[in-house]
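The values are calculated or read from the model by the stated rules, or taken from the named source; none is laboratory data. Just so it is clear, the structure is predicted and the values come from calculations on it, not from any experiment. Using ideal geometry, Cβ is built from the backbone for each residue, glycine included, and neighbour counts are taken over all protein chains shown.
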Amino acid sequence: MKLWGGRFEKETDERAAEFLHSFRFDIRLAEQDLRGSIAHARMLGRQGIIGEEESARLVEGLERIREEVRSGDPRFDPTSEDIHSAVETRLREIVGEVAGKLHTARSRNDQVVTDLRLWLREQGEETARAIRALQSALVGQAERHVETVLPGFTHLQPAQPVVLAHHLLAYFWMLERDHGRLRDALERMNLSPLGSGAMAGTGFPIDREFTAQELGFAAPTPNSMDAVADRDFVVEYMAFAALCVVHLSRLAQEITMWAAPQFGFVTLDDAYSTGSSIMPQKKNPDVAELTRGKTGRVIGHLTGTLAVLKGLPLTYNSDLQEDKEALFDTVDTLKLALHVFEGMVRTATFNRERMAAAAGRGFTTATDVADDLARRGVPFRQAHEIVGRMVAHCEQNNKALEDLTSGELREFWPDFPEEYRLNTPLESAASRNSYGGTAPERVREQLEAARRKL
Ligand code: ARG
């Protein structure tokens with residue numbers, strides 16, 4: 001059954017129908033579509049726009065369809081144009097001609113965007129929970145590794161020793177910002193477009209406050225033209241998702257490196273690794289790699305959707321139907337990535353000895369020596385120069401800084417004390433005790449702050 005046959009003399013071309021129909025993917029909105037229609041049908045009855053009795057029959061029929069959907073036995077015509085026509089067709093089978101009254105004072109333009117807001121609101125809450133779970137896994141690992149040292153890098157060159165908890169909590173704070181962006185988007189999203197009609201509102205005495213309340217929205221949208229044309233809430237979720245998955249992808253890159261035997265910093269649980277079909281020794285960090293790979297499509301959905309929107313005149317245009325597959329895939333991809341990351345992080349084993357051994361390699365305590373000279377009155381620039389020459393000397397002679405005797409040290413700066421001992425990597429990390437620094441005492445406070453967010 002078509003919702004718009006009246007002025008047409010011919011059937012839609014078969015290929016054109018295949019091209020135009022959205023039912024195969026917007027069936028995912030069935031639950032939300034029914035919820036919106038039930039609220040609308042109730043409102044029509046309360047306002048006397050249709051009879052109380054008619055309203056009750058519509059609601060009953062819609063509730064029955066909802067039961068069919070929930071029990072996994074939907075009775076929709078698979079050739080339907082979209083979920084909206086599928087529901088109306090099924091409703092007619094159940095309640096008869098009165099089904100035709102449901103669409104009074106409503107358009108699919110306000111209907112579809114109501115459905116999508118309802119759907120994304122739920123999915124957004126699930127996404128938020130998945131972020132929280134991953135943050136908890138990071139905090140759990142951080143708690144175990146407040147005194148585990150590893151090299152911190154800049155330019156992927158050894159920089160200064162840090163503790164692993166500090167490194168892991170960096171990702172906690174990225175996710176904290178993601179969570180905040182999602183919450184902001186969810187709040188802005190929570191307005192009801194229902195009752196905006198095709199785009200100009202309606203002359204029927206509808207009650208938009210009532211339907212908004214029934215659907216748990218904070219208020220009705222204030223402008224009917226904006227309401228049916230707006231997909232900012234979709235873009236906001238996609239933008240949040242793109243950045244969030246970029247964060248996962250950066251962690252994925254580190255885990256992938258750290259899992260390589262050349263680093264050997266982390267051993268991933270078998271449940272989150274895979275093997276090679278030819279090389280028996282292989283254990284690959286697939287979850288991390290694939291997340292890094294899937295980041296491409298999540299970014300793509302954001303830019304793709306912005307491109308769909310950029311030239312659209314007000315108000316509804318069929319182009320907008322393209323929002324759904326991109327959004328569904330964005331939500332599915334991100335939620336699944338967050339879930340597998342949670343498991344991968346929670347079950348990972350960090351190799352303290354490997355990290356500790358690497359922490360001191362590559363002159364990572366050179367800054368400590370320069371700082372020390374600066375404390376002894378040498379201008380920092382000059383101290384930097386002195387230690388730089390020490391490093392060059394060590395490199396040429398295949399030595400570490402701590403191998404230099406006091407005699408050698410004094411060739412670079414005459415006032416080196418007789419017994420000069422360099423910081424160990426852990427002492428080095430512990431010395432950086434400024435607020436937000438890597439010293440275990442600061443990191444313990446940071447952990448407290450992180451736990452308070454959860
Ligand atoms: N299937 C459409 C979408 O997904 C909803 C119908 C919009 N209205 C229309 N007259 N085609 O956006």
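Some points to look at:
- Among the residues of the stretch 284-334, the one identified as exposed (fewer than 15 other Cβ atoms within 10 Å of the Cβ) and touching a Gly at 6+ places or on another chain (Cβ under 9 Å) is 319.
- Screening 324, 310, 335, 294 for residues that are closer than 30 Å to residue 135 by Cβ and either within 16 Å of the ligand (Cβ to nearest atom) or more than 18 Å from the chain's Cα centre (by Cα) (or both) leaves exactly one candidate, 324.
- Enumeration of residues in the stretch 198-225 that are within 16 Å of the ligand (Cβ to nearest atom) and touching an Asp or Glu at 6+ places or on another chain (Cβ under 9 Å): 198, 199, 224
- Candidates 105, 142: the one that is farther than 30 Å from residue 39 by Cβ and either modelled with pLDDT under 95 or of a type outside the set (Phe, Trp, Tyr) (or both) is 142.
- When restricted to residues that are surrounded by fewer than 19 Cβ atoms within 10 Å (Cβ to Cβ) and touching a Ser or Thr at 6+ places or on another chain (Cβ under 8 Å), the stretch 159-179 contains 1.
- Evaluation of residue 206 against the conditions (1) out of contact with any Pro (no Cβ under 9 Å at 6 or more places or on another chain); (2) surrounded by fewer than 21 Cβ atoms within 10 Å (Cβ to Cβ); (3) closer than 21 Å to residue 103 by Cα; (4) not basic (Lys, Arg) shows that the sole unmet condition is (2).
- Condition check for residue 105: crowded, with 18+ Cβ neighbours inside 10 Å and over 30 Å from residue 342 (Cα atoms): yes
- Only one entry in 150, 194, 182 is in a helix (DSSP H, G or I) and either surrounded by 18 or more Cβ atoms within 10 Å (Cβ to Cβ) or touching a helix residue (DSSP H, G or I) at 6+ places or on another chain (Cβ under 9 Å) (or both), namely 182.
- Scanning the stretch 224-239 finds no residues that are among the polar types (S, T, N, Q), farther than 23 Å from residue 131 by Cα, in contact with a His (Cβ under 9 Å, 6 or more places away or on another chain) and in a helix (DSSP H, G or I).
- Test: residue in the stretch 127-147 that is of a type in the set (A, V, I, L, M) and either within 16 Å of the ligand (Cβ to nearest atom) or without any contact (Cβ under 8 Å) to a residue 40 or more places away in the chain (or both): no
- The one condition in (1) surrounded by 20 or more Cβ atoms within 10 Å (Cβ to Cβ); (2) more than 16 Å from the ligand (Cβ to nearest atom); (3) not in a helix (DSSP H, G or I) that residue 261 fails to fulfil: (1)
- In the stretch 335-362, the residues that are among the acidic types (Asp, Glu) and either surrounded by fewer than 16 Cβ atoms within 10 Å (Cβ to Cβ) or not in a helix (DSSP H, G or I) (or both): 353
- Sole exception among (1) at pLDDT 95 or above; (2) assigned to a loop (DSSP other than H, G, I, E, B) for residue 324, by number: (2)
- With respect to the stated conditions, residue 430 fails to be farther than 30 Å from residue 287 by Cβ, of a type in the set (A, V, I, L, M, F, W, C) and touching a Phe, Trp or Tyr at 6+ places or on another chain (Cβ under 9 Å).
- Scope the stretch 388-411; condition small (Gly, Ala, Ser), at pLDDT 95 or above and closer than 16 Å to residue 373 by Cβ; matching residues: 388
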